[in-house]
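Notes follow once the structure below has been shown.
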Amino acid sequence: MENEWLIIKDYIPIIVVIISSVFAYIIGKSSERNKKFISMSEESVTKLLSSMYLEAIEITNAKEYDIQSIKDFILIYSKNVEIYKIYDDVLVNEIFSLSIKLSEEKIDNEQLSKRFNEVSKKIEYLYWERYMVNTEGFNWFAATKTINSWYILPGSLFLTVRKISEYTSIILAMTAYLMIVESFIGKGEGLFSYETTGTVVAIFLITLVVYFLMNGISTFFDKNPKLKNKRNVKDYKSPHI
């Protein structure tokens with residue numbers, strides 16, 4: 001193994017440049033995608049989901065469903081040119097489907113009420129799902145502004161280590177893959193022996209476990225999984241029962 005590391009030593013400058021370039025590319029792409037998706041999530045809530053959810057709560061919490069209110073809801077939102085900004089093809093399609101059935105008078109009030117209730121539940125789920133996305137990290141940000149800095153320091157170090165472990169895992173995964181391929185092609189007698197490859201793979205797996213563990217702890221403290229279980233939309237009860 002010592003000879004292998006001596007050989008690798010000569011390629012360190014090139015390896016550093018390659019890894020740095022890949023690292024910068026991955027971070028840039030990841031950041032770009034995250035910003036795009038967060039923007040889409042915020043847009044879906046402000047443009048449509050907030051108003052849809054409030055209307056759905058009002059309609060479903062009435063003593064009896066107001067059929068005209070349901071029809072108005074479906075027809076108005078089905079004609080909204082920005083309905084695609086809900087970014088959920090199932091919900092959009094269901095609203096279009098109900099709109100067509102209403103225009104063709106192929107659905108009775110009972111069926112309309114039942115399907116509207118399902119639509120309302122889907123809206124509720126999406127609202128709180130996007131809420132979680134839009135407020136991710138906010139609890140920690142608020143804490144950094146209101147809690148003594150000495151209490152915040154361990155948390156900041158924890159988040160930094162988590163982020164480092166994330167990107168280190170990516171780099172080690174690529175390195176381990178290349179080493180596995182090379183060592184098997186060379187049958188353990190090429191640039192990397194099975195022992196060296198096994199060591200790098202082990203380091204990668206340990207780093208990956210650390211990342212998932214820290215990410216799980218962070219998610220537990222920063223997010224409230226009960227948000228998606230909020231139930232403000234009441235179940236539909238047939239007046240004929």
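Please verify whether LEU153 is modelled with pLDDT under 90 and either assigned to a helix (DSSP H, G or I) or acidic (Asp, Glu) (or both), treating the condition exactly as stated. Quick ask: steps written out before the conclusion?
Values: modelled with pLDDT under 90: yes; either assigned to a helix (DSSP H, G or I) or acidic (Asp, Glu) (or both): yes.
Taking the combined requirement at face value, the residue satisfies it.
Quick check on my filter: what residues within region 200-219 are under 16 Å from the mean Cα position of the chain (by Cα) and either open to solvent by 50 Å² or more (accessible area, probe 1.4 Å) or over 15 Å from THR160 (Cβ atoms) (or both)? Don't jump to the end; show me each part of the working.
Here is the first cut: in region 200-219, the ones under 16 Å from the mean Cα position of the chain (by Cα) are 212, 215-216, 218-219.
Matches in region 200-219: PHE212, GLY216, THR219.
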Inter-residue pairs, beta-carbon under 7 Å, first over 21 Å from ASN93 (Cβ atoms) and in region 54-75, second assigned to a helix (DSSP H, G or I) and open to solvent by 40 Å² or more (accessible area, probe 1.4 Å), 6+ apart: ILE67/ASN109
Close pairs from region 86-114: first under 29 Å from SER39 (Cβ atoms), partner open to solvent by 80 Å² or more (accessible area, probe 1.4 Å), Cβ under 8 Å, at least 6 apart: VAL92/TYR84; GLU94/GLU118; SER99/LYS79
Failed item, numbered, when ILE171 is tested on (1) modelled with pLDDT of 65 or more; (2) loosely packed, with under 14 Cβ neighbours inside 10 Å: (2)
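Out of ILE86, ILE95, ILE123, report the one residue that is crowded, with 18+ Cβ neighbours inside 10 Å, touching a Ser or Thr at 6+ places or on another chain (Cβ under 7 Å) and closer than 20 Å to TYR65 by Cβ. Spell out the reasoning first.
Working: ILE86 fails: closer than 20 Å to TYR65 by Cβ; ILE123 fails: touching a Ser or Thr at 6+ places or on another chain (Cβ under 7 Å).
Of the residues listed, the single one that is crowded, with 18+ Cβ neighbours inside 10 Å, touching a Ser or Thr at 6+ places or on another chain (Cβ under 7 Å) and closer than 20 Å to TYR65 by Cβ is ILE95.
The values are calculated or read from the model by the stated rules, or taken from the named source; none is laboratory data. Every value quoted in this text rests on a predicted model; they were computed, and no experiment measured them. Cβ atoms come from the backbone with ideal geometry, glycine included; neighbour counts cover every protein chain shown. In case anyone asks, the SASA skips ligands and DNA or RNA and just uses the protein heavy atoms, side chains included. Shrake-Rupley method; radii C 1.70, N 1.55, O 1.52, S 1.80 Å.
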